[in-house]
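What follows draws every value from the coordinates through simple rules; no lab data is involved. Everything quoted here is computed from the prediction, not taken from an experiment. When we count neighbours, we look across all protein chains shown, and the Cβ atoms used for this are built from the backbone with ideal geometry, even at glycine.
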Amino acid sequence: MFFRRFIIKPTLSSYLSERVSAMKNKTILYRGRAYTKSSIASWEKFLALWRNYQGERRLEKPLSSLEIRDFNGLMNYCDDWGFRESTRALVASLFKAAIRDACASGLAGRRLLGILNEIRAPYREGTEAKKVWLDLDEIRALAALPLVREDPLCKARDIFLVGCYTGQRFSDYQRLSLSDIVTFNFDGIERQAFRKRQQKTGEEVYIPIIFEEVIQILQRWGGTLPQISNSLLNREIKTVCRMAGLDEPVKITERIGGRERVRTVPKYELVASHTARRSFITRMYLEGRLTEMQIRSISGHRSSHAFHRYICCSTRDNLKGIFDALLDGP
């Protein structure tokens with residue numbers, strides 16, 4: 001185990017430092033698989049935050065001496081620095097995970113487990129920014145932009161569209177290729193799907209080819225999508241969406257630094273790589289052609305709770321659904 005190097009009573013900082021190193025060296029795994037780069041980055045940021053917080057206090061307690069007021073102080077520190085509620089929730093979840101794992105590793109007494117029961121972690125409620133999705137007309141507007149293959153924006157647009165057509169995470173939809181396609185014969189009719197092992201979960205999923213456009217995109221790039229970083233895609237897809245006229249004003253209500261703030265921004269500013277996944281899941285769900293379990297078999301969601309966080313049904317969408325149902329009724 002990675003904690004064997006400790007000789008004196010460890011602090012949370014030293015424990016986190018050892019943990020991050022072990023994650024990078026793959027001496028600790030998550031469900032039998034190596035931690036992803038994004039997971040390691042989250043733990044590194046948490047370590048840096050905790051060290052900065054302890055730097056202001058000038059004296060760090062041993063891990064086994066932590067109290068609930070240490071957690072509450074950390075949350076107040078997040079507020080002082082103007083962190084969003086979603087960031088505070090992530091910090092709280094990592095704090096709890098660190099305490100739980102340290103206790104399981106024998107680095108702290110059972111007294112420390114009591115902190116877990118006292119922690120009231122912030123609710124990771126999705127803001128309007130997290131709930132943004134694109135409907136079929138908006139996706140068609142992106143696809144219709146006259147972008148040439150040599151234009152970097154064309155690469156970003158096409159990779160994003162593949163996500164809209166398949167419902168996968170960025171780490172998976174950017175890796176799709178024509179070689180992943182398998183053919184099935186159902187009642188004499190041939191059907192095609194992508195077979196892919198998801199990078200985050202290690203689960204193998206079959207992604208039915210519902211939209212032929214995804215084949216056309218892959219053919220345009222020689223069967224395999226070009227590579228692009230998540231951060232670059234997030235920047236360039238906003239430009240693409242602005243060019244496509246996705247400038248509907250969206251009101252954003254967020255809790256930042258413990259205070260509620262409201263601002264209005266054009267929709268294209270809120271679009272990012274994960275919007276593609278939300279768009280697919282929301283469209284499939286609202287159309288009602290597939291059951292929840294069928295959509296989850298494509299998206300790879302293990303739980304209904306996690307799945308429903310991806311459904312971006314606004315008040316307007318819900319009202320339209322009600323009227324449509326009433327008009328179709330007896």
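Of note:
- Surrounding net charge for Leu16, when Lys and Arg each add one and Asp and Glu each subtract one, Cβ distance under 11 Å: 0
- The chain - charge dipole about Cα centre, Lys and Arg +1 at Cβ, Asp and Glu -1, debye rounded to 20: 1580
- Gaussian network model of the chain, Cα within-10 Å springs - most flexible of Arg263, Arg195, Arg309: Arg263
- Neighbours of Val205, meaning other residues whose beta-carbon lies under 10 angstrom from its beta-carbon, give a summed charge of +1 when Lys and Arg score +1 and Asp and Glu score -1.
- Couplings 3J(HN,Hα) of region 144-153, computed from phi: 7, 4, x, 9, 8, 4, 6, 6, x, 5 Hz, in residue order, whole Hz [Karplus 6.51 cos²θ - 1.76 cosθ + 1.60, θ = phi - 60°; x for Gly and Pro].
- Positive-end residue of Ile210, Ile159, Gly188, charge dipole of the chain with Cβ unit charges: Ile159
- Counted over the chain with a bin width of 20 Å, the fraction of Cα pairs per bin, in whole percents, is 26, 52, 22, 1.
- Set of lysines near Lys24 by C-alpha distance (under 19 Å), chain-local residues within fewer than 8 positions excluded: Lys37, Lys45, Lys200
- Dipole in debye (nearest 20) - region 2-118, about Cα centre, beta carbon charges: Lys, Arg +1; Asp, Glu -1: 560
- Amide H contacts for Arg84 (H built 1.01 Å from N in the peptide plane; partners 5 or more residues away or on another chain; cut-off under 5 Å): Gly257.
- Across region 285-297, rounded Karplus estimates of 3J(HN,Hα) from the backbone phi angles (6.51 cos²θ - 1.76 cosθ + 1.60, θ = phi - 60°) give 5, 5, 5, x, 7, 10, 6, 4, 5, 5, 5, 5, 5 Hz, Gly and Pro being marked x.
- Here the 3J(HN,Hα) profile of region 112-120, calculated from phi with Karplus coefficients 6.51, -1.76 and 1.60 at θ = phi - 60°, is 5, 4, x, 4, 4, 6, 8, 5, 10 Hz, Gly and Pro shown as x.
- With helices as the sole contributors, the chain gives -15500 deg cm²/dmol at 222 nm; each DSSP H run of n ≥ 4 counts as -39500 (n - 2.57), and the sum is divided by every residue.
- In terms of surrounding Cβ atoms within a 10 Å radius of their Cβ, Leu136, Leu270 rank from fewest to most as Leu136, Leu270.
- For Tyr30, distant residues with modelled amide H under 5 Å away: Tyr35
- Relative to one another, the C-alpha centroids of region 96-119 and region 41-86 are positioned 16 Å apart.
- Shape index of region 188-323: Rg/Rh, with Rg the Cα radius of gyration and Rh the Kirkwood radius from the inverse mean 1/r over Cα pairs, equals 0.99.
- Ranking of Thr282, Thr183, Thr224 by count of other Cβ atoms within 10 Å, fewest first: Thr183, Thr224, Thr282
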